[in-house]
Amino acid sequence: MNWGGMLTPAIRNIIIACTGVFLLQTLLRLFFPPAVTFWFQNEFGLVPLAVTHGLRFWQPLTYLFLHDGIWHILFNMLFLWMFGADLERAWGTHRFYVYFFLTGIGAGLINVLVKTLLDPHGRGMSVAIPTIGASGAIYGVLLAAAIMFPDRQIWLIPFPVTIPMKIYVAGAIAIEFFSTLGTGGDNVSHVTHLGGALVGYLYLRRGLFLYRFRNDYLDWKRRRTRRKFEVYMRDHKNEPPASSDDRWVN
């Protein structure tokens, strides 16, 4: 089996980066006092008050590479590979990088915006447990996979049934939406997940908006040119050539 062909370049590099940071987090927990881990997560995780008042402008990027436990990083990287590899093959590595970081950073900024609006004085959720993990970007990847490959069949683990990709992703996003309405604290940033999907949708739809604008503009130019040509022909149809040297070129 060609194991090297299973990992596309961007997927491979993101997995390596996240795994390296996770190993660093593990070493900090094992060999240093808890205060060091607390500092590291609050410095590089996503804390809305730190972004808006502490000017830690790097946090909407760096929080993507931190993870809380082996199962957190394992499932995130597994979903990234399962749903992102074919996207990268279809789009190319550069565009996949752009999409991944755009949705991840966008999800982080939406997290900051929502929590700042709900806790403007920084007494609750805007200074609570830092948000960490690549899940926001991965929900953007899920949405793109549903748009690119809507009818691809997905195993509904642990059940021995398959459903179309579009149904699977719609269900996952619906669960995240209704989870934001609950009052229980499950330590999962559902707002970030939804934010990643929203940014991904807007990014992918922007092409349709631009194409529509471009087509409308070109149609308007064609109509204007046709009107000008009709006016010119009407005004000059009975006039002889300007001089005897004029030639028709076929």
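The values are calculated or read from the model by the stated rules, or taken from the named source; none is laboratory data. Small disclaimer: the values here were computed from a predicted structure and weren't measured. For accessibility, only protein heavy atoms count, side chains too; no ligands or nucleic acids. Shrake-Rupley method; radii C 1.70, N 1.55, O 1.52, S 1.80 Å.
Observations on the model:
- Rounded to the nearest 10 square angstrom, residue 231 shows an accessible area of 60 square angstrom against a 1.4 Å probe.
- One decimal place: the segment residue 37-residue 204 gains 56.4 nm when fully extended, by the rule 0.36 nm per residue minus the C-alpha distance.
- Largest accessible area first, the residues 82, 165 order themselves as 82, 165 under a 1.4 Å probe with ligands, DNA and RNA left out.
- Scattering profile of region 1-129 at q = 0.14, 0.18, 0.21 Å⁻¹ [log10 I(q)/I(0), Debye over alpha-carbon scatterers]: -0.72, -1.05, -1.23
- Here region 24-152 has 75 percent of its accessible surface on carbon and sulfur atoms, given a 1.4 Å probe and all protein chains in place.
- With the whole protein complex present, residue 129 retains an accessible surface near 120 Å², based on a 1.4 Å probe.
- The convex hull drawn around the Cα atoms of region 124-176, when projected onto a plane and averaged over every direction, covers 4.8 nm².
- Accessible area per residue was computed with a 1.4 Å probe on protein heavy atoms; residue 62 scores about 30 Å².
- Backbone HN-Hα couplings from phi across region 194-204 [Karplus 6.51/-1.76/1.60, Hz, Gly and Pro as x]: 5, x, x, 5, 5, 5, x, 5, 5, 5, 6
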